[in-house]
Amino acid sequence: MKPIRKLMGNFTLIFAVSILSLHSFALCSLNSFTDENALISFKNAITSDPYAILSTNWSQNTSVCNWIGVSCGLKHGRVTALNLPGYDLAGTIPPHLGNLSFLRYLDISSNNFSGFLPHALDISANQLSGEIPPNIWKCRHLQELELSYNHFNGKIPSEIGSLSILKELYLGFNDFRGIIPEEIGNLSQLEVLSIPSSSLTENIPSSLFNISSLKYMYLYNNSLSRNIPSNMCDSLPNIEVLNLWRNQLSGEIPPNIWKCTQLQDLGLSVNHFNGKIPSEIGSLSMLRKLYLGVNDFRGMIPKEIGNLSQLKKLSIPSSFLTGNIPSSVFNISSLKFMDLSNNSLSGNIPTFHGLSKLEELYLFRNNFEGWFPSDVCSSNISNIRTLELFGNQLEGQIPPNIWKCTHLEILSLSDNHLSGNIPFEIGNMSMFRELYLDVNNFQGEIPTSITNASQLTHMYLSSNSFTGPVPDFGNLRQLQVLGLSENNLTGLESTNQELGFLSCLTNCQNLVNLDISNNPMMNGILPASIRNLSISLSSFRASNCSIRGIIPPEIGNLRHLEVLDLSKNQLTGFIPTTFPMGCSLQSLDLNANKLAGSLPQSLSNCQTLQVLDIGNNRIQDIFPIWTGNLTDLRVLILRSNNFSGTISSHTSKASLPFPKLQVFDISYNAFIGNLPHEYLSNFKAMMDARENHRGERDLSRLYIDSLTITMTLTVKGIDREYKRILKTLTTIDMSSNRFSGSIPNSIGDLNSLIYLNLSHNCLAGGIPASLGNVTELESLDLSSNRLEGKIPTELTKLRFLSGINLSMNNLSGMIPQSGGQFPTFDYASYVGNPGLCGFPLTLECEEPSPPPMVQEDGGDDYGILEGFCWQAVVSGYGCGFVIGGIVGGLILGYGRPKWLVEWIYRFYRIKMRSRRGNVATQRRRIR
């Protein structure tokens, strides 16, 4: 019996083990099926798989553990990692993903996921959400969650605090909004927190600064605000990187920052931190990168920063710093990068000898003075690649050592007081890419050796006193920008009168911007080879270079040319008619030449034209109606030519004319007829300007490297040259023509107009009261017309009006005295209007007199008219005719001298006093 019992016992044991094994197998199979089902649901929710990663590899015929991006544990065969970064997958995340209960690592970054599906079978558009899939929080074994660079949005859910063993969290470069949840402080094992470039707001939760395990915090480029805790570093003993730049944080940097002893990278730039930079930063002995720029600091750079012996990058630009640079900072031998630009630092620049590893130095736009440091590029400083010191007050010559910086790529010394010649050794700079020496006092010739610096892409030598010929820059094949303006350079070839260096530049096939303006000694003609200039050339400026001859028609070959400025030269002949279809011109300035003929209609091919200035030439034409079809046109200047005829209506009904025009100057021509009412009522850019800042700001960056146009406008009776278009500059000048009729009331709709000049025409009627609506008006000139009636009191509302000229009209009545700028205008603003009275004129306005008494006896007494007969009237007119003839002759012969105007005014005042005396005598007789 015992053997049988023993056998039965073994059978029972084997059966039990088998049952348990079958159960475990079944359970394992069930769990594996759960993981596979979750991944299949994930695959089915993918709408775009451009590299066919899932469609060709995730097959149900193979184990999920062999699928691309899937990793499984060795013990249970469960999915532990899903890594699919950078495959451009698009779609949503199904809730089944939360069933991967053994998942430790989830990385689907750098894709195009836009949210999750709340229900597995419901994919209607209104059920889609951009939030993080809520079932992810069921994956309690997650140690790394990487969702960056997708399209998730909404709030970061507070449930994130339930991932108790999470070590790395990456949510950046999505569109999360709202606050960082306080519950994130529950992640007691978190080492990396990265949520940059989202739309997070309000303050950083204080709980975040209590995670003692935290090593890396990246919250930059959000909208986080308020102060950071004053005890920020009390519970962050392991923090190595704290990057909070480009937010709206304020307050002072906590002085206890020295407790973050492991800190290596501190980024607080582009915020609103204020106060002083704490000297305690000098105790962060491990610090390698310090970014504090673009804040509201006050005071000096603390000398303790010089104690940071491992610092490699120091950046504190645009932060209102004052005082000297501490010499200790220039002794940090590990420093490779230093940017203290755009502050108010002063004094001398310290010597460079301690910066043995320096590669980039930016000290531009400060108040440094004195001599350029002579030890730059000495034997122990040989690695410097970028040196930018422009916008200071440095003087003297460039030290010879600088030409020993064989690794130097960018040298920017513009806008200082440097002088002397450029030495021949500049040709040794084989690594030179950018050279900026403009706006200084350099002189002598440009050394021809500079053409050996064959890597040069940008060269600015403008605004100096260079003389002699322009070198042959044809060897600079990489050249993109060449600025030689405002010097005394010449450009003639010995064999002919052409500007030969332009022909040499045809080898520079990357040339984009060429500026030789304001070199009056050039004195040559444009070569036909100009057509061979780089096809990439966008801007060519040659104003005021004494250029003679014609504009070569070949210039039309430059199809990519956007800016052409040949103003203030001696060009003759006609404007080329070769502007092709698809012409790229944005600005054409031919002002102040001797060009004749008509304005070529081929310019209508340049549909991107924004500035057209042909003023001060000899163009003979009618008004170019086709310019109204240039929908981007902002500046139209036709002044001082021989345009004539009426300005007829716009011919195209497809669009309103001149929708963006801001400057309309057709003065000093021979236009007749009425003012162009239709155009005036459609100058939309002169109505309700969006920004009414009254300072100088660029209207738009039309021109490469911020170069801008120059134009001359008559403002307040004076010709003024504008170097750039002001953001709100709006002007209309139709003076010195033969316009007649009245000023339209619609001119009052141009409420952003700043300058208006309609003087020296034949305009009649009254001054429109609607001009009082032009609230931005600064200058108004209606002089020398035939205007009549009273000066509208509405003009007193113009609080920016600084100049007005209503002289030489037929205005009458009292000059408005109340409010505005009117009390500041002198008599010259009103002279030549016999009926005007009141301040500033000496002619007093009479009080209304009572009606004349009627004599009951019906006698022959005619009251106030007694003593005034037709003979006296004729006599008065006769004298006036003689005097007028004499005065007219003087005016025609000598202009309109000020003494003559004053004499006429005094004579007129005496006559009026005499007349008032006669009137008073007549009134006494009546009484």
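Observations on the model:
- In this structure, SER536 does not qualify as open to solvent by 30 Å² or more (accessible area, probe 1.4 Å), assigned to a loop (DSSP other than H, G, I, E, B), under 21 Å from PHE643 (Cα atoms) and among the small types (Gly, Ala, Ser).
- Screening THR796 against (1) under 30 Å from LYS660 (Cβ atoms); (2) open to solvent by less than 40 Å² (accessible area, probe 1.4 Å) leaves a single unmet condition, (1).
- Every residue from segment 500-523 that is in contact with a helix residue (DSSP H, G or I) (Cβ under 9 Å, 6 or more places away or on another chain) and either modelled with pLDDT under 90 or open to solvent by 40 Å² or more (accessible area, probe 1.4 Å) (or both): PHE501, LEU502, SER503, CYS504, LEU505, THR506, ASN507, CYS508
- Residue count for segment 755-771 under the criterion of being under 14 Å from SER802 (Cα atoms) and touching a helix residue (DSSP H, G or I) at 6+ places or on another chain (Cβ under 9 Å): the result is 1.
- Number of residues in segment 193-203 that are under 20 Å from LEU263 (Cβ atoms) and either among the acidic types (Asp, Glu) or open to solvent by less than 10 Å² (accessible area, probe 1.4 Å) (or both): the value is 3.
- Condition met for GLY391 (at pLDDT 95 or above, out of contact with any His (no Cβ under 7 Å at 6 or more places or on another chain) and not in a loop (DSSP other than H, G, I, E, B)): no
- Residue tally, condition open to solvent by 10 Å² or more (accessible area, probe 1.4 Å) and within 21 Å of GLU486 (Cα to Cα), over segment 566-611: 6
- Candidates are the residues of segment 230-249 that are within 22 Å of ARG177 (Cα to Cα) and not polar (S, T, N, Q); the one that is surrounded by the fewest Cβ atoms within 10 Å (Cβ to Cβ) is ARG246.
- Some residue of segment 548-562 being more than 32 Å from the chain's Cα centre (by Cα) and among the basic types (Lys, Arg): yes
- Any pair with Cβ under 7 angstrom, 6 or more apart, that starts in segment 535-553 at a residue that is without any contact (Cβ under 8 Å) to a residue 60 or more places away in the chain and ends at one that is of a type in the set (D, E, K, R) and open to solvent by less than 20 Å² (accessible area, probe 1.4 Å): ALA542/ASP565
- Unmet requirement for PHE176, which otherwise passes all of (1) of a type in the set (Phe, Trp, Tyr); (2) over 24 Å from GLY293 (Cβ atoms); (3) out of contact with any strand residue (DSSP E or B) (no Cβ under 9 Å at 6 or more places or on another chain): (3)
- Within segment 548-565, the set of residues being open to solvent by less than 50 Å² (accessible area, probe 1.4 Å) and under 16 Å from ILE614 (Cβ atoms) comprises ILE551, ILE555, VAL563, LEU564, ASP565.
- Selection from segment 298-314 of residues that are in contact with a Lys or Arg (Cβ under 8 Å, 6 or more places away or on another chain) and closer than 15 Å to GLY267 by Cβ: LEU311, LYS312, LYS313
- Residue tally, condition open to solvent by 20 Å² or more (accessible area, probe 1.4 Å) and not aliphatic (A, V, I, L, M), over segment 276-298: 10
- Scanning segment 416-447 for residues that are open to solvent by 80 Å² or more (accessible area, probe 1.4 Å), assigned to a loop (DSSP other than H, G, I, E, B) and under 16 Å from PHE466 (Cβ atoms) gives a single hit, ASN421.
- Selection status of ASN367, surrounded by 20 or more Cβ atoms within 10 Å (Cβ to Cβ), under 31 Å from the mean Cα position of the chain (by Cα) and not aliphatic (A, V, I, L, M): no
- Checked against the criterion of being open to solvent by less than 40 Å² (accessible area, probe 1.4 Å) and either more than 34 Å from the chain's Cα centre (by Cα) or not hydrophobic (A, V, I, L, M, F, W, C) (or both), the candidates SER412, SER344 yield just one match: SER412.
- Here is the figure for segment 93-105: residues that are crowded, with 21+ Cβ neighbours inside 10 Å and in contact (Cβ under 8 Å) with a residue 40 or more places away in the chain total 5.
- Those strands (runs of 3 or more DSSP E) of segment 566-652 in which 1 or more residues are modelled with pLDDT of 95 or more and of a type in the set (S, T, N, Q) are absent.
- Filter result (assigned to a loop (DSSP other than H, G, I, E, B) and crowded, with 20+ Cβ neighbours inside 10 Å) within segment 67-77: TRP67
- Scope segment 488-534; condition among the charged types (D, E, K, R) and over 16 Å from ASN569 (Cα atoms); matching residues: GLU493, ARG531
The values are calculated or read from the model by the stated rules, or taken from the named source; none is laboratory data. Note that the coordinates shown come from a computational prediction; the quantities given were computed from them, not determined experimentally. Neighbour counts are summed over all protein chains in view; Cβ atoms, including those assigned to glycine, are modelled from backbone coordinates with ideal geometry. Protein only, heavy atoms only, side chains kept; ligands, DNA and RNA dropped before computing areas. Shrake-Rupley method; radii C 1.70, N 1.55, O 1.52, S 1.80 Å.
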